[in-house]
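Structure first, commentary second.
The values are calculated or read from the model by the stated rules, or taken from the named source; none is laboratory data. Being a predicted model, the structure only gives us computed values, none of them experimental. Cβ coordinates were reconstructed from backbone atoms using ideal geometry, including for glycine residues, and neighbour counts include every protein chain displayed.
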Amino acid sequence: MLNKAFMWKEVLKLGFLGKRLKDVNQFFRRIVVEELNNQGFFDFLKSKHNIDEIAKNFNYTDIDYLKEVLFALLSDKTINYEDKTYFLKEPLVIKDKLPVLLNKSMMDYIRSFAAAIPARLKGEHLRYTTGYNLFNFDDALNLKVYSIIRKASFAFLNVFDKAGRLLDIGCGSGLETVEIWNIYFEKDFFSEDKIMEIYGMDIDKDFLKIAKEEFLLTLSNNSSYSKEELLKFKKFFPKFKVGTAIDIPFEDDYFDFVFISQVLHWTDSKKALSEISRVLKPGGIMFGSTIMKPTANEYLHIMLRTIEGANGFFDKQEFKNWLTESGFKKMYFSTPLTIFKCIK
Ligand SMILES: C[S@@+](CC[C@H](N)C(=O)[O-])C[C@H]1O[C@@H](n2cnc3c(N)ncnc32)[C@H](O)[C@@H]1O
């Protein structure tokens, strides 16, 4: 009963994020519309055109992606659709509001995706691991948002009575893995009679390097224990490995738990879920969080889709179907920013 109350206390904190998400979504819309406007996209749509005419005029080659862009613009009636033609609903409105939830480095980072849309329409993708300002993104990852989401996910899991092997997928620069390690440490899980092993994995080798080399530093910065005291538990420190969620470098049935938070939309989510199921033992638990449609709006979706291999956001029904197809037997969700727990 107490655990349930605790879980809901953590989950309810996300209500605050849900409210802020409205501003954030408006920011996403604004930067995409501005980018397309700079390309002359809306000038062209002052007269009616079908999709082939739009593609031809701008030399767009990725018609499926163009459909997604048009769908986003239709979703909030920025443009209209009639008789197979698209046209601007004049005047073009670009709202000025800027979100308070995102820090500057995160906003710059997201702007880089919007800037990649014109090239993506011509068939060029961004590569996830290249060209980003690591310091800025790392900084952004330390936003409290992710921590709040993590706490809610852990409260939702509520299996601290059981030790096991846990894989943290998309661990970033390691703060997340430190927080996970601390949860188990404070509950006295690192002792000879328990087999609690924690692994961190990320596709980005630079992030992973920081996570690995600075684990003790990050840990002591986030702990009331001294470095010396923490070092006594060195043999229980996490093992870090570079790897992708769509090809997890571990054998079948290896883990009891897989934690994956705010990662699925960056990759081929369906494939990732079947990989996670493969490395989980029968009865093993995958838990974490993902923002789904419609909470994540269509504009954020098309920005993420500039990255090679990224499927972007999905809705709950798609998620449930993929989970079932991947062999998960039970699934639990909590909204508004979806926290999930799925049992194989
Ligand atoms: C938005 S961050 C979330 C980080 C962390 N899980 C948290 O909640 O604080 C997304 C992370 O996923 C990693 N990532 C992206 N695609 C991945 C993939 N295919 N496999 C593993 N990690 C991936 C990124 O490098 C980044 O560290």
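Within segment 124-172, track down each residue that is of a type in the set (Gly, Ala, Ser) and modelled with pLDDT of 85 or more. Within segment 124-172, Ala163, Gly164, Gly170, Gly172 qualify. The residues listed here are Gly288, Gly309; of these, the one that is farther than 25 Å from Ser147 by Cα, in the same structural domain as Met201 (by TED's automatic domain parsing) and at pLDDT below 95 is Gly309.
Given the structure, is Glu229 more than 14 Å from the ligand (Cβ to nearest atom), out of contact with any strand residue (DSSP E or B) (no Cβ under 7 Å at 6 or more places or on another chain), of a type outside the set (A, V, I, L, M) and free of Cβ contacts under 8 Å to residues at least 24 places away in the same chain?
On the way: more than 14 Å from the ligand (Cβ to nearest atom): yes; out of contact with any strand residue (DSSP E or B) (no Cβ under 7 Å at 6 or more places or on another chain): yes; of a type outside the set (A, V, I, L, M): yes; free of Cβ contacts under 8 Å to residues at least 24 places away in the same chain: yes.
Spelling it out, Glu229 is indeed more than 14 Å from the ligand (Cβ to nearest atom), out of contact with any strand residue (DSSP E or B) (no Cβ under 7 Å at 6 or more places or on another chain), of a type outside the set (A, V, I, L, M) and free of Cβ contacts under 8 Å to residues at least 24 places away in the same chain.
Residues that are touching a helix residue (DSSP H, G or I) at 6+ places or on another chain (Cβ under 7 Å) and touching a residue at least 24 places away in the same chain (Cβ under 8 Å) within segment 59-69 comprise Tyr60, Asp62, Tyr65, Leu66, Glu68, Val69, listed in sequence order.
Quick grid of which residues meet (1) of a type in the set (Val, Ile, Thr); (2) under 21 Å from Pro238 (Cβ atoms):
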{"site": "Asp252", "(1), (2)": "no, no"}
{"site": "Ile285", "(1), (2)": "yes, yes"}
{"site": "Ser289", "(1), (2)": "no, yes"}
{"site": "Met292", "(1), (2)": "no, no"}
{"site": "Met303", "(1), (2)": "no, no"}
{"site": "Phe314", "(1), (2)": "no, no"}
{"site": "Lys329", "(1), (2)": "no, no"}
{"site": "Lys341", "(1), (2)": "no, no"}
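Residues in segment 36-66 that are under 21 Å from Arg111 (Cα atoms) and part of a helix (DSSP H, G or I): 7 in all. In segment 302-327, the residue that is nearest to Ala272 (Cα to Cα) out of those that are surrounded by 22 or more Cβ atoms within 10 Å (Cβ to Cβ) and touching a residue at least 60 places away in the same chain (Cβ under 8 Å) is Arg305.
Beta carbons closer than 6 Å, at least 6 apart along the sequence or on distinct chains, pair a first residue in segment 250-263 that is on the phi > 0 side of the Ramachandran plot with a second that is among the charged types (D, E, K, R) for Asp253/Lys281.
Scoring Ile276 on the criteria (1) within 16 Å of the ligand (Cβ to nearest atom); (2) more than 19 Å from Asp202 (Cβ to Cβ) leaves a single failure, condition (2). Among all residues of segment 75-83, there is at least one that is assigned to a helix (DSSP H, G or I) and either assigned by TED's automatic domain parsing to the domain that holds Arg29 or modelled with pLDDT of 95 or more (or both).
Does Asn297 fit the bill of being in the same structural domain as Ile246 (by TED's automatic domain parsing) and either over 15 Å from the mean Cα position of the chain (by Cα) or within 17 Å of Asp268 (Cβ to Cβ) (or both)?
no
Scanning segment 201-222 for residues that are surrounded by 17 or more Cβ atoms within 10 Å (Cβ to Cβ), closer than 22 Å to Asp268 by Cα and either more than 12 Å from the ligand (Cβ to nearest atom) or not aliphatic (A, V, I, L, M) (or both) gives Asp202, Asp204, Phe207. Could you tell me which residue of segment 175-200 is farthest from Thr244 (Cα to Cα), considering only residues that are within 13 Å of the ligand (Cβ to nearest atom) and either part of a strand (DSSP E or B) or touching a residue at least 60 places away in the same chain (Cβ under 8 Å) (or both)? Of everything passing the filter in segment 175-200, Ile180 is farthest from Thr244 (Cα to Cα).
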